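Engineer: Sharing a structure, written as structure tokens. Questions coming.
The values are calculated or read from the model by the stated rules, or taken from the named source; none is laboratory data. Since the structure is predicted, the reported quantities are computational estimates derived from the model, not experimental observations. Cβ: placed from backbone, ideal geometry, glycine included. Neighbour counts: every protein chain shown.
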Amino acid sequence: SGTLTVGGLAEKLEKDTSEIIKKLMTLGIMATKNQDIDEDSIELICEEYGVEVEQEVEVDENDLDLYIAEDKPEDLVERPAVVTIMGHVDHGKTTLLDSIRDTKVTAGEAGGITQHIGAYQIEDKGKKITFLDTPGHAAFTSMRSRGAKVTDIAILVVAADDGVMPQTVEAINHAKAAEVPIIIAVNKMDKEGANPDRVMQELTEHELVPEDWGGETIFVQLSAIKREGIDDLVEMIQLVSEVEELKANPNRNASGTVIEAQLDKGRGSVATLLVQNGTLNVGDPIVVGNTFGRVRAMVNDLGRRVKTAGPSTPVEVTGLNEVPQAGDQFTVFDDEKKARQVGEARQQKQIEEKRGDKVRVSLDDLFEQI
Ligand code: GDP
Ligand code: MG
């Protein structure tokens, strides 16, 4: 979509540029008048002024959503939560993801090698949880701006010795915009300067009030490096996921989102797909973003070959004609002919868009409508 500068937004909203800049600062975003701002920030600013941003919807006969019918309530069953870990750089996101995986996935079960496919699953008291280990930010910004919603629960990691930092605030804003529940992981509790009260105090200023203080936000104190508090965090994730009543219909064609994708010398296009509804099978005709194919092989996060993948399962897939992009949607079709037809039409459209004669909705267009 198009671009909008801070000054341009101020004009649209009939406000002083300095006022908008100040608002952005309170959201943890430093910007100058002529700087472009992203859609998420625009939405947040508009919200502050009680202005709703409407997205223009173009009817496109090759839109994958058209092929996804609604489920009947009686066909829905519980599915695992999909969790993203966010937070300021160096506050311990990667360490936490590693600790959770190492604590909850037994090596024997893995049959040796665990594989990095951008997401992994653990099992705790008979219930699975899916963790995306792509950077939380990418998961929200690139995927959300493209209409994909993959995260059910956001874990916000805040180092107890450092407190709330700019990217902490950014993460809060993304999670709030996506309307996902946030669990606070107060990390590095083993450090000398750890001050969890300060973290709670600072987050209260962002309307994340701890349960102990009469609020509704769950805080878990932990040390990712010493692997202390991991069980508490997992327990809280299970609790929140129960409240959310996450459901899907496993008995239908699969649909979902690309988590990551790349070209592999030997295997061709390799994409990690998160199945969000239905069950994905080897042999399924599939359209993924602007490419298509037939699922040739699937490998799970434990490096094992699998034939099927149900809701909330991440799986690495080969058999696509080209490499899709993170955030692309995918849908399985009953027959290969239809998949090819839709895939080719989408590819054609992409080629035309690249040539420049694209039909585009700029943010200015969006603002004409409010
Ligand atoms: P990320 O940038 O958020 O992914 O942070 P990392 O996981 O890479 O961690 C940044 C640094 O903090 C590394 O040196 C980690 O070893 C360290 N670290 C992470 N968690 C803890 C913790 O619980 N305690 C202590 N003392 N250090 C930690
Ligand atoms: Mg990291």
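Engineer: Go through segment 120-215 and tell me which helices (runs of 4 or more DSSP H), entirely inside it, have 3 or more residues that are at pLDDT below 95 and aliphatic (A, V, I, L, M).
Structural biologist: 136-145, 166-178
Engineer: Further, regarding this structure: How about segment 165-198: which of its residues are in contact with an Asp or Glu (Cβ under 6 Å, 6 or more places away or on another chain) and within 14 Å of ligand 1 (Cβ to nearest atom)?
Structural biologist: Lys188, Lys191, Gly193, Ala194
Matching residues to (1) farther than 26 Å from Pro250 by Cβ; (2) part of a helix (DSSP H, G or I); (3) under 23 Å from the mean Cα position of the chain (by Cα):
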site	(1), (2), (3)
Gly327	no, no, yes
Lys338	no, yes, no
Glu344	yes, yes, no
Lys354	yes, yes, no
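Engineer: Also, quick follow-up: Criterion first (surrounded by 15 or more Cβ atoms within 10 Å (Cβ to Cβ) and either within 20 Å of the chain's Cα centre (by Cα) or not in a strand (DSSP E or B) (or both)) does Leu233 satisfy it?
Structural biologist: yes
Engineer: Give segment 86-97 a look and list any residue that's in contact (Cβ under 8 Å) with a residue 40 or more places away in the chain and either of a type in the set (Ser, Thr, Tyr) or near ligand 1 (Cβ under 8 Å from one of its atoms) (or both), or say none.
Structural biologist: Gly87, His88, Val89, Asp90, His91, Gly92, Lys93, Thr95, Leu96
Engineer: While we're here: Is there any pair with a first residue in segment 237-251 that is within 10 Å of Arg79 (Cβ to Cβ) and in contact (Cβ under 8 Å) with a residue 12 or more places away in the chain and a second that is part of a helix (DSSP H, G or I) and not hydroxyl-bearing (Ser, Thr, Tyr) whose Cβ atoms are under 6 Å apart and which are 6 or more apart or on different chains, and what are they?
Structural biologist: Asn249/Asp75
Engineer: While we're here: Which residues, counting only those in segment 303-318, are crowded, with 16+ Cβ neighbours inside 10 Å and closer than 24 Å to Lys149 by Cβ?
Structural biologist: Correct list: Ala309, Gly310, Pro311, Ser312, Thr313, Pro314, Val315, Glu316, Val317.
Engineer: If you don't mind, another one. Just checking, which of Glu14, Glu54, Glu78, Glu39 is farther than 30 Å from Arg340 by Cβ and more than 25 Å from the chain's Cα centre (by Cα)?
Structural biologist: Glu14
Engineer: Among the residues that make up segment 55-62, is at least one of them modelled with pLDDT of 85 or more and out of contact with any Ser or Thr (no Cβ under 8 Å at 6 or more places or on another chain)?
Structural biologist: No, the conditions are met nowhere in segment 55-62.
Engineer: Restricting attention to segment 253-261, does a residue exist that is modelled with pLDDT of 95 or more and touching a Pro at 6+ places or on another chain (Cβ under 8 Å)?
Structural biologist: no
Engineer: Please determine whether any residue of segment 26-33 is in contact (Cβ under 8 Å) with a residue 12 or more places away in the chain and either out of contact with any helix residue (DSSP H, G or I) (no Cβ under 8 Å at 6 or more places or on another chain) or part of a strand (DSSP E or B) (or both).
Structural biologist: Checked segment 26-33: no residue is in contact (Cβ under 8 Å) with a residue 12 or more places away in the chain and either out of contact with any helix residue (DSSP H, G or I) (no Cβ under 8 Å at 6 or more places or on another chain) or part of a strand (DSSP E or B) (or both).
Engineer: If we scan segment 75-90, do we find a residue that is surrounded by 13 or more Cβ atoms within 10 Å (Cβ to Cβ), assigned to a helix (DSSP H, G or I), modelled with pLDDT of 90 or more and not charged (D, E, K, R)?
Structural biologist: No, segment 75-90 contains no residue that is surrounded by 13 or more Cβ atoms within 10 Å (Cβ to Cβ), assigned to a helix (DSSP H, G or I), modelled with pLDDT of 90 or more and not charged (D, E, K, R).
Engineer: List, please: which pairs have Cβ atoms under 7 Å, are six or more places apart or on different chains, and start with a residue in segment 300-322 that is hydroxyl-bearing (Ser, Thr, Tyr) and end with one that is part of a loop (DSSP other than H, G, I, E, B) and surrounded by fewer than 18 Cβ atoms within 10 Å (Cβ to Cβ)?
Structural biologist: Within 7 Å, the pairs are Thr318/Arg267.
Engineer: Hey, among Leu273, Leu263, which residue is over 18 Å from the mean Cα position of the chain (by Cα), among the hydrophobic types (A, V, I, L, M, F, W, C) and within 23 Å of Asp133 (Cα to Cα)?
Structural biologist: Going through Leu273, Leu263 in turn, just one is over 18 Å from the mean Cα position of the chain (by Cα), among the hydrophobic types (A, V, I, L, M, F, W, C) and within 23 Å of Asp133 (Cα to Cα): Leu263.
Engineer: On to the next question. Take the residues of segment 80-107 that are touching a helix residue (DSSP H, G or I) at 6+ places or on another chain (Cβ under 9 Å) and away from ligand 2 (no atom under 16 Å from the Cβ): which is farthest from Leu246 (Cα to Cα)?
Structural biologist: Only one residue fits best here, namely Thr103.
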